[in-house]
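The block underneath contains the structure these notes are about, expressed in structure tokens.
What follows draws every value from the coordinates through simple rules; no lab data is involved. Just so it is clear, the structure is predicted and the values come from calculations on it, not from any experiment. Every residue, glycine among them, receives a Cβ derived from its backbone with ideal geometry; neighbour counts consider all protein chains shown.
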Amino acid sequence: MERLTSPPRLMIVSDLDDTMVDHHNDPENLSLLRFSSLWEEAFRQDSLLVFSTGRTLPMYKKLRKERPMLTPDVIITSVGTEIAYGKSMVTDDSWVEIMNHKWDRGIVEEETSKFPELTLQRDCDQRPNKVSFFIDKSKAQQVTKELYQRLEKRGLEIKIIFSGGKALDVLPKGGGKGQALAYLLNKLKAEGRLPVNTLVCGDSGNDTELFTIPNVYGVMVRNSQEELLEWYAENAKDNAKIIHASERCVGGILEAIGHFELGPNLSPRDVSDLFECKEDNVNPGHEVVMFFLFYERWRRGEVENCDAYIASLKASCHPAAVFVHPSGAEKSLIDTIDELGKYHGDKKDKKFRVWTDQVLATETTHGTWMVKLDKWEQTGNERKCCTTTVRFISKENEGLVWENVQQTWSEESEMKNDSNWII
Ligand code: GLC
Ligand code: MG
């Protein structure tokens, strides 16, 4: 978050399962990819992405390996009981302290064990400040009431949340997705970085609190659970800042960005002619996102096999531009693009996808831009990632000229050498 010197234009705070990630209807993750390219092209630079999930940190990391997920600026896990920042996920220690106030996991375990209606969830879903169970929907209300009283008598201050028609979480009273968001907003405000707009996105019971935070926009995705929709009907249906989207999952988030006019919501993936899509302002991030999108389409054989495309890419390179391959080999960038020309359609029907993450541009000297990003490539289940740095010079009438591209294998990459890697 430190990179932002002024208030973020938009902060998206989104749940993951069945909100960002569609587990039922989108095996190719197309909606997620549509959102990702829009975020990187139009928002990453001056906005904040926050994931707020019921998953524990290890289960979040597992999801990250399974889906083409972006790296959030802030990750709130275990139903708002843990907060961490940045790519390296630095824990918020002050939040840990708040979570331990009038909380004792041992007492929670002891009291909950007296309820035969509660079935403990797997070990990997338990955390120091989150004790999670399954329960029959019809028993949830009664058990919540009794358990709450028992724990109060034992001197604890807790909160019980019912989600997805079957999950019951016991958390510290100060925890939960809503409290975690309020804490984050306060922290940003104190730093003079209160977002201009905040959009919360969710689908189930543990997301309810997000929609109670003052002044935020909210989207309940189309496939929202009964418990969230019921809460909305009883408590918030007159709030024009909250919508129930007509699109599923992340499609609903794109819909809300448009509905509330929070910024552009046409994903680069929905643009058919990438070469026509020119920006008025200098936006090196746009240039990079569009290039790798073209690269995906070229190798999938989804654009015409036409020399003019390759010629146009070469024309935007400086004649002496250098490409440093992740193997360390140096080549001419123009030769590299010529080589790409030979790979038209080689990944057809191979479940090939390319996406960019953490695309950040800085102007180093007047007219010279450095863009840093992670470039991911997936074929079937095999993924690779290169940390990529692109240097551009901005020339009048010519727009941005590619001067240098350097790649190194990312730590997160499953493969760290591949002689077939093109760029
Ligand atoms: C996620 C968590 C689970 C929790 C549920 C509801 O599915 O994995 O432990 O009970 O969210 O918050
Ligand atoms: Mg969810």
I want to check the label-to-label distance for residue 381 and residue 166. Put each point 7 Å from Cα in the C-beta direction and report it in nm to one decimal. 2.3
Per 5 Å bin from zero, what fraction in whole % of the C-alpha pairs of region 217-328 is there, up to the bin with the longest pair? 2, 9, 14, 15, 13, 10, 10, 8, 8, 5, 4, 2, 0
Highest GNM mean-square fluctuation among 144, 208, 388, for the chain with Cα springs under 10 Å, belongs to 144
Would you mind getting me the FRET efficiency between residue 144 and residue 5? Use the beta-carbon distance for r and R0 = 56 Å, nearest 0.05. 0.80
Is region 102-172 rounded, prolate or oblate when judged by the Cα gyration tensor, a ≥ b ≥ c being the square roots of its eigenvalues, rounded requiring a/c under 1.5 and prolate requiring a/b larger than b/c? oblate
5 Å binning of all Cα-Cα separations within region 144-259, expressed as whole percents from 0 upward: 2, 11, 19, 20, 19, 14, 9, 5, 2, 0
Which of these, 152, 403, 40, has the largest mean-square fluctuation under a Gaussian network model of the chain (Cα springs below 10 Å)? 152
Assuming a viscosity of 0.890 mPa s and a temperature of 25 °C, what translational diffusion coefficient in µm² per second does Stokes-Einstein assign to region 6-149, Rh being the Kirkwood radius over Cα pairs? 142
So which residue, out of 150, 34, 122, gets the largest mean-square fluctuation from a GNM of the chain using Cα contacts under 10 Å as springs? 122
Mind checking which lysines have their Cα closer than 20 Å to the Cα of residue 278? Skip sequence neighbours fewer than 8 apart in that chain. 314, 395
At what distance in angstrom do the alpha carbon centres of region 20-83 and region 143-183 lie from each other? 25
Please compute the length gained on full extension between residue 121 and residue 222, using 0.36 nm multiplied by the number of residues separating them and subtracting their Cα-Cα distance. 33.6 nm
Given the Cα-Cα distance of residue 282 and residue 64 and 0.36 nm per residue of separation, how much length would full extension add, in nm? 75.3 nm
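Rg over Rh of the chain, using C-alpha atoms and the Kirkwood radius, what does it come to? Intermediate values should be presented prior to the final figure.
Numbers: Rg = 23.5 Å, Rh = 23.1 Å.
That ratio is 1.02, to two decimals.
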Modelled label-to-label distance, residue 415 and residue 350, 7 Å Cα→beta-carbon offset: nm? 0.8
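Residue 389 to residue 97: FRET efficiency via 1/(1 + (r/R0)^6), r the Cβ-Cβ distance, R0 45 Å, to the nearest 0.05?
Working: r = 39 Å, r/R0 = 0.86.
It comes to 0.70.
Restricting to region 293-421, compute how many DSSP beta bridges are antiparallel as a %, nearest 5. Working shown, then result.
Working: 36 of 40 bridges.
Around 90 percent antiparallel, to the nearest 5.
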Region 271-409 - Rg (one decimal) and Dmax (whole number), Cα, Å: 14.5, 44
Work out how much length residue 107 to residue 46 would gain on full extension: take 0.36 nm times their residue separation and subtract the Cα-Cα distance, in nm to one decimal. 17.5 nm
Long pairs among 351/384; 347/384; 145/237; 351/375; 350/416, criterion Cα-Cα beyond 19 Å: 145/237; 350/416
Using a Förster distance of 30 Å, the FRET efficiency for residue 230-residue 26 (Cβ separation, nearest 0.05): 0.70
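Just for the chain, what percent of DSSP beta bridges are antiparallel, to the closest 5? Provide the component values of the computation, followed by the final result.
Working: 55 of 79 bridges.
Of all bridge pairs located within the chain, approximately 70 percent are antiparallel.
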